[in-house]
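Engineer: Pasting a structure below so you can have a look.
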Amino acid sequence: MWSGPRNLSTAMMRSFGARADCAVWDEPFFAPYLAVSGKPHPGRTETLAAHETDPHKVAARCDVEVREAYHFLKLMPHHMLTGFPMDWADDGRHFFLLRNPTRVIASYARGRVQFDVDDLGFAAQRILYDKLSDSTGRPIAVIDSADILRAPEPALSALCDALDIRFDPAMLSWAKGTRAEDGAWAPYWYKSVENSTGFAPYHDEDVKLTPAQTEMHTACADDYQYLADKALHF
């Protein structure tokens with residue numbers, strides 16, 4: 001799964017992790033991204049101390065078989081810096097998770113005061129979508145988080161069909177709490193999902209952005225729409 005931040009991505013990790021036939025891995029390239037980019041980030045010190053920072057070692061582990069039938073990787077395209085290996089991804093089944101930029105920006109700003117448009121990942125998502133479409137030669141599913149919240153079972157069923165895997169009703173709920181697989185950054189971002197037992201109902205919100213955030217939204221809009229036009233319909 002390729003996602004930007006604040007996109008329902010951790011809830012999706014919980015959903016796939018609720019399957020008995022699926023192992024999950026939380027943002028494997030985040031520590032290498034922080035180490036190489038030097039970016040300040042909530043949980044940076046903890047992340048660099050707790051996780052592998054060599055992108056080549058991380059990539060090699062992405063190719064290692066797990067005991068379960070499936071291995072779900074929660075990934076962010078903007079973490080894949082120039083020179084990070086991508087050959088491990090050629091045989092994967094990929095999908096992209098989207099969220100409206102207005103909601104992403106408003107949510108992200110609650111956890112991090114200073115950030116820029118690249119931290120939101122929309123441009124990186126679009127670029128990687130095209131690259132993976134070319135390198136894999138297969139259609140790549142796109143799903144909007146709002147559609148998942150509006151109708152979790154039909155949305156996840158459609159996604160599983162697109163990935164050519166069996167839908168499992170276990171994906172609709174999970175136990176509260178933390179998980180051993182949660183990244184070291186979890187205390188900064190995962191409070192809501194730690195208190196959840198499933199996908200929350202969708203709610204329309206009147207989101208107000210600052211002028212600077214509105215400029216970010218404008219910069220993101222075309223990239224978001226490019227992928228939104230390819231989203232699953234069900």
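The values are calculated or read from the model by the stated rules, or taken from the named source; none is laboratory data. Note that this is a predicted model, so its numbers are computed, not measured. Here the Cβ is made from the backbone with ideal geometry for all residues, glycine too, and neighbour counts use every protein chain on show. Remember, those area values only see protein heavy atoms, side chains included, never the ligands or the DNA or RNA. Shrake-Rupley method; radii C 1.70, N 1.55, O 1.52, S 1.80 Å.
Engineer: Given the convex hull over the Cα atoms of the range 87-234, what projected area results after averaging over all orientations, in nm²? Present the calculation step by step, with values, prior to reporting the outcome.
Structural biologist: Details: hull surface 40.3 nm².
The directionally averaged projection comes out at 10.1 nm².
Engineer: Can you list the HN-Hα couplings for the range 14-19, worked out from phi with the Karplus curve (6.51, -1.76, 1.60; θ = phi - 60°), rounded to whole Hz and with x for Gly and Pro?
Structural biologist: So the Karplus estimates, Gly and Pro as x, are 4, 4, 5, x, 6, 6 Hz.
Engineer: Express the carbon and sulfur contribution to the solvent-accessible surface of the chain as a percent, rounded to the nearest whole number, probe 1.4 angstrom. Intermediate values should be presented prior to the final figure.
Structural biologist: Numbers: 5710 of 11410 Å².
Carbon and sulfur: 50 percent of the exposed surface of the chain.
Engineer: Compare 13, 80 by solvent-accessible area with a 1.4 Å probe and give them largest first, with all protein chains kept in place. Could you put the intermediate results ahead of the total?
Structural biologist: Numbers: 13 0, 80 35 Å².
Heavy-atom accessible area, descending, gives 80, 13.
Engineer: If you consider only alpha-carbon coordinates, what radius of gyration and Dmax does the range 59-113 have, in Å?
Structural biologist: When restricted to Cα atoms, the range 59-113 yields Rg and Dmax of 14.9, 41 Å.
Engineer: To continue, here is another question. Assuming a viscosity of 0.890 mPa s and a temperature of 25 °C, what translational diffusion coefficient in µm² per second does Stokes-Einstein assign to the range 1-122, Rh being the Kirkwood radius over Cα pairs? If you can, show how the numbers build up before the last one.
Structural biologist: Details: Rh = 15.3 Å.
After rounding, the answer is 161 µm²/s.
Engineer: To continue, here is another question. Give the percent of DSSP beta bridges with both residues in the chain that are antiparallel, rounded to the nearest 5.
Structural biologist: Numbers: 1 of 13 bridges.
Here the share of antiparallel DSSP bridges comes out near 10 percent.
Engineer: State the answer as a single residue: which of 148, 169, 109 lies farthest towards the positive end of the charge dipole of the range 93-182, with beta carbon charges of +1 for Lys and Arg and -1 for Asp and Glu, about the Cα centre.
Structural biologist: Farthest along the dipole direction, towards plus: 109.
Engineer: Continuing with the same structure: Dipole magnitude of the chain about its Cα centre, charges +1 at Lys/Arg Cβ and -1 at Asp/Glu Cβ only, in debye to the nearest 20? Before the final figure, lay out the partial values.
Structural biologist: Details: 24 positive and 33 negative charges, 116 e Å.
Value, rounded to 20: 560 debye.
Engineer: Here is a follow-up. What list of ³J(HN,Hα) couplings, whole Hz, do you get for the range 77-93 from phi and the Karplus terms 6.51, -1.76, 1.60, once you set θ to phi - 60° and write x for glycine and proline?
Structural biologist: Here the 3J(HN,Hα) series is x, 6, 6, 8, 6, 3, x, 6, x, 10, 5, 4, 7, 4, 9, x, 9 Hz.
Engineer: Continuing with the same structure: For the chain, with a Gaussian network of springs between Cα atoms less than 10 Å apart, report the residue from 76, 86, 171 with the top mean-square fluctuation.
Structural biologist: Checking each option, the largest mean-square fluctuation is seen for 86.
Engineer: Right, another one. Tell me, in nm to one decimal, what length is gained between residue 208 and residue 60 on full extension, where the rule is 0.36 nm per residue of separation less the Cα-Cα distance?
Structural biologist: Values: separation 148, 0.36 × 148 = 53.28 nm, distance 4.30 nm.
Full-extension gain reported as 49.0 nm.
Engineer: Additional query: Starting from a Cα-only point model with no solvent, please compute log10 I(q)/I(0) by Debye for the range 82-162 at q = 0.14, 0.22 1/Å.
Structural biologist: -0.62, -1.12
Engineer: Using amide H atoms built 1.01 Å from N in the peptide plane, name the residues 5+ places from residue 98, or on other chains, whose amide H lies under 5 Å from its own.
Structural biologist: 143, 144, 145
Engineer: Rg/Rh for the range 187-234: what does it come to with C-alpha atoms and Rh from Kirkwood? Mind showing how you got there, number by number?
Structural biologist: On the way: Rg = 15.1 Å, Rh = 14.2 Å.
A ratio of 1.07.
Engineer: Moving on. Please list 3J(HN,Hα) in residue order for the range 57-62, calculated via the Karplus relation 6.51 cos²θ - 1.76 cosθ + 1.60 where θ = phi - 60°; whole Hz, with x for glycine and proline.
Structural biologist: In residue order, the calculated couplings are 5, 5, 4, 4, 5, 4 Hz.
Engineer: Something else now. Taking the Cα centre of the range 85-145 as the origin, how large is its charge dipole in debye, to the nearest 20, when only Lys and Arg (+1) and Asp and Glu (-1) carry charge on their Cβ atoms? Present the calculation step by step, with values, prior to reporting the outcome.
Structural biologist: On the way: 8 positive and 9 negative charges, 76 e Å.
So the magnitude is around 360 debye.
Engineer: Using amide H atoms built in the peptide plane, which far-off residues or other-chain residues are under 5 Å from residue 72 H to H?
Structural biologist: Those qualifying (amide H under 5 Å, at least 5 residues apart or on another chain) are 23, 24, 25.
Engineer: Also: What's the ranking of 196-203, 22-29, 155-162 by average number of surrounding C-beta atoms within 10 Å, highest first? Show your work: numbers first, answer last.
Structural biologist: Details: 196-203: 13.6, 22-29: 20.8, 155-162: 18.9.
Ranked by mean Cβ neighbours within 10 Å, highest first: 22-29, 155-162, 196-203.
Engineer: Please work out the Cα convex hull volume for the range 21-73 and give it in Å³ per residue.
Structural biologist: Output value, Cα hull per residue: 76 Å³.
Engineer: Right, another one. Strictly over 23 Å apart at the Cα level, which of 39/131; 39/176; 74/230 would you flag in this model? Mind dumping the intermediate values first?
Structural biologist: Details: 39/131 25 Å; 39/176 31 Å; 74/230 20 Å.
Violating the 23 Å Cα-Cα cut-off are 39/131; 39/176.
Engineer: What's the local net charge at residue 156, with K and R +1, D and E -1, over the other residues with C-beta under 15 Å away?
Structural biologist: Working: positive: 14, 19, 93, 150, 166; negative: 21, 144, 147, 153, 161, 164, 168.
Around residue 156, the charge tally is -2.
Engineer: With the chain treated as a Gaussian network of Cα nodes joined by springs under 10 Å, which of 110, 19, 61 yields the largest mean-square fluctuation?
Structural biologist: Of 110, 19, 61, the most mobile in the Gaussian network model is 110.
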